[in-house]
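A quick write-up on the structure given underneath.
The values are calculated or read from the model by the stated rules, or taken from the named source; none is laboratory data. Bear in mind the structure is a predicted one, so any value in this text is a computation, not a measurement. We place every Cβ from the backbone using ideal geometry, glycine too, and count neighbours over all the protein chains shown. Just so you know, the surface numbers come from the protein's heavy atoms only, side chains and all, with ligands and any DNA or RNA stripped out. Shrake-Rupley method; radii C 1.70, N 1.55, O 1.52, S 1.80 Å.
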Amino acid sequence: MFLLGTLVLGSAAHAQDAGTPDTGTPDAGQAEFQAPAPASAPAQPAFVETEVTQCGAKQVGTGEGMLRPLGHGFYLDGHRVRRGCTLLLQRPLKNRPPVPFAPDSFRPLGCGFFRYATSIYWSQSLGGDDHVKEPNGQLADVLTRLDLADAESFEVDRECRPRDVRFFYLNHTSRPELPAFVAVPRGDGQGYEELGCGFVRYEGRVFFGTRLVEGAHVPSFTSVLGRLPYVECGSAMYGRDRAKVWWQHLMVRGAKAKTFRVPKDENPELRIACDGRRSFQQASVDKKPNPLCRPARKVTVKKRK
């Protein structure tokens with residue numbers, strides 16, 4: 001059931017594979033393409049590749065101690081990679097300090113995307129907790145891997161529209177209430193199942209947008225609101241398996257899957273969720289429970305004698 005694909009692309013995308021021109025050669029191996037976006041696809045946010053001539057006392061060049069250009073606005077600073085003057089870090093292990101990207105495995109692709117070993121990253125931070133400070137006080141960005149992307153076939157066109165051999169990736173980073181990137185199958189979507197509210201099941205794993213939902217029991221995973229398109233879920237992008245609850249890709253600690261719910265009345269943008277008397281907003285529990293989560297009072301009617 002392709003709620004997202006139907007909503008965003010319609011049937012034309014499957015008929016023409018997004019309108020890729022017929023050049024007489026297979027398009028899967030093309031490094032560059034000019035296919036127009038599907039008519040109903042949202043426009044991609046403009047991306048500017050920041051070129052610099054120096055960062056602090058360091059000049060850009062090929063001499064010793066200089067910032068060496070890597071292309072597309074990236075620079076090598078010793079054994080670290082920067083976007084413009086901003087240091088880029090990755091978090092390879094959960095709950096561990098972020099570390100620099102190794103330059104030997106770093107391959108810029110354009111539009112801020114880069115291939116790193118067998119993974120794809122975008123050079124912009126995608127959340128509120130992915131900045132750290134360098135010793136000099138300057139902010140460094142901790143980047144998030146696009147877990148669903150196929151690194152070997154991933155590419156972007158001149159309009160900064162990303163895709164790989166399996167999916168188109170719609171960019172919603174300008175709207176933080178939506179998944180940052182959403183995958184839409186290019187063919188029949190074999191093995192791809194939309195679960196609602198931005199969650200998908202693919203090849204034995206669950207993803208929110210393109211990010212892996214870690215620790216999920218895949219067979220029992222569902223969206224709390226059911227199979228609604230992600231644009232209709234407001235802030236209630238909750239998923240659950242047989243025991244646990246997630247908001248987007250983040251586990252909601254203390255929430256029980258069986259009793260977790262999202263009230264629909266008097267709940268603008270579906271901002272409040274409940275588990276018993278406790279109330280949640282996104283992945284956090286409210287210190288003071290919201291009145292929406294109070295049980296309804298029972299009205300007793302006295303019988304006349």
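Which residue is surrounded by the most Cβ atoms within 10 Å (Cβ to Cβ), if the candidates are limited to the range 122-143 and must be at pLDDT 85 or above and among the small types (Gly, Ala, Ser)? The residue in question is Ser123.
Sub-9 Å Cβ pairs linking a first residue in the range 250-261 that is closer than 10 Å to Tyr238 by Cα to a second residue that is assigned to a loop (DSSP other than H, G, I, E, B) and open to solvent by 50 Å² or more (accessible area, probe 1.4 Å), at least 6 apart or interchain, are Leu250/Gln282; Met251/Glu214; Met251/Gly215; Met251/Lys244; Val252/Lys244; Val252/Gln282, ordered by first then second residue.
Would a scan of the range 129-151 turn up a residue that is within 17 Å of Phe208 (Cβ to Cβ), in a strand (DSSP E or B) and among the charged types (D, E, K, R)? Yes, because at least one residue in the range 129-151 is within 17 Å of Phe208 (Cβ to Cβ), in a strand (DSSP E or B) and among the charged types (D, E, K, R).
Of the listed requirements (1) crowded, with 19+ Cβ neighbours inside 10 Å; (2) not in a loop (DSSP other than H, G, I, E, B), Pro179 misses just one: (2).
Residues to consider are Ala102, Ala117; find the one that is more than 18 Å from the chain's Cα centre (by Cα) and open to solvent by 50 Å² or more (accessible area, probe 1.4 Å).
Of the residues listed, the single one that is more than 18 Å from the chain's Cα centre (by Cα) and open to solvent by 50 Å² or more (accessible area, probe 1.4 Å) is Ala117.
Taken together, the residues in the range 87-99 that are more than 20 Å from the chain's Cα centre (by Cα) and either open to solvent by 40 Å² or more (accessible area, probe 1.4 Å) or within 14 Å of Val60 (Cα to Cα) (or both) amount to 3.
Given the conditions (1) surrounded by 11 or more Cβ atoms within 10 Å (Cβ to Cβ); (2) at pLDDT below 70, and given that Val81 satisfies all but one, which numbered condition is not satisfied? Result: Val81 fails condition (2) only.
Against the conditions (1) outside any loop (DSSP other than H, G, I, E, B); (2) under 24 Å from Leu250 (Cα atoms); (3) in contact with an Asp or Glu (Cβ under 8 Å, 6 or more places away or on another chain), Leu170 satisfies every one except (3).
Residue check: is Gly191 modelled with pLDDT of 95 or more and either farther than 20 Å from Ser284 by Cβ or open to solvent by less than 30 Å² (accessible area, probe 1.4 Å) (or both)? Answer is no for this residue.
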